[in-house]
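Shown next, in structure tokens, is the structure this report addresses.
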Amino acid sequence: MLKCYIWPIITYGAETWSLKMKPMNRREAFEMWTLRRLLKIPWVDRITNEEVLRRAGVERVLLKTIKQRKISYLGHILRGNKYDILRLIFIGKIEGRRGPGRKRHSWLCDIKNWCGVKNVGDIFALAIVEWMDDRLHAVSV
């Protein structure tokens, strides 16, 4: 029921979100809240989240799904011809100055942190290598 009705509504447009720690924690809390509601486990019983997951027989999937969608969308951006402007923005080739103040948490920062990469060029190279490996594997099978 969760996968059918709730997750599509919650993850709609997740490819474009930039996630900081607070929204990520809220999404994890919402996932646990829905599981507790489905299993009819009250908060008064003081059952840990791990126990709730064990009883439900599932793992935490909401953030994993969001991460997979964002990385998949990055692959579309890197390969598609219609995404030239987005590619220029990611590389940082747009002229002009950034406004004053703290640098905002960007969409690409999430992917850099998840992949453990320092700069954007490494992400692009990694994505192209993965894409080529997938294509070669598909041809050889």
Ranking V117, V44 by Cβ neighbours within 10 Å, fewest first, what do you get?
V44, V117
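Could you put K82, K20, K70 in order, starting from the residue whose Cβ has the fewest other Cβ atoms within 10 Å?
Numbers: K82 8, K20 11, K70 20.
Going from sparsest to densest Cβ surroundings: K82, K20, K70.
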To the nearest 0.05, the calculated FRET efficiency linking H76 and A56 through their beta-carbon distance, R0 being 41 Å, is 0.80
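Past the 24 Å Cα-Cα mark, which pairs from K22/K64; K40/K70; K3/K118; K20/K103; K20/K40; K20/K118? Each step should come with its number before you reach the end.
On the way: K22/K64 16 Å; K40/K70 32 Å; K3/K118 34 Å; K20/K103 13 Å; K20/K40 30 Å; K20/K118 18 Å.
In this structure, K40/K70; K3/K118; K20/K40 exceed 24 Å between Cα atoms.
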Note: the chain, point scatterers on Cα, Debye, no solvent; log10 I/I(0) at q = 0.15, 0.16 Å⁻¹ equals -0.91, -0.98
Cα principal axis extents for the range 2-63, largest first, Å
37, 26, 17
Treat each spin label as a single point 7 Å out from the Cα along the C-beta direction, and report the M21 to R37 distance in nm.
2.8 nm
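Which residues make up the longest stretch of the chain that has no GluC sites (Glu not before Pro) in a DSSP loop with at most 10 other Cβ atoms within 10 Å?
Values: sites that count: E59, E95.
Here the longest segment lacking exposed loop sites spans 1-58.
Please give the charge dipole size of the range 2-63, origin at the Cα centre, charges +1 on K and R Cβ atoms and -1 on D and E Cβ atoms. Round to the nearest 20 debye.
Working: 12 positive and 7 negative charges, 34 e Å.
Its charge dipole is roughly 160 debye.
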Counting only helical runs of four or more DSSP H residues, what would the 222 nm mean residue ellipticity of the chain come to if each run contributes -39,500 (n - 2.57) and the total is spread over all its residues?
-19500 deg cm²/dmol
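The numbers here are math on the coordinates, done by the rules we state, and not lab data. Bear in mind the structure is a predicted one, so any value in this text is a computation, not a measurement. Cβ: placed from backbone, ideal geometry, glycine included. Neighbour counts: every protein chain shown.
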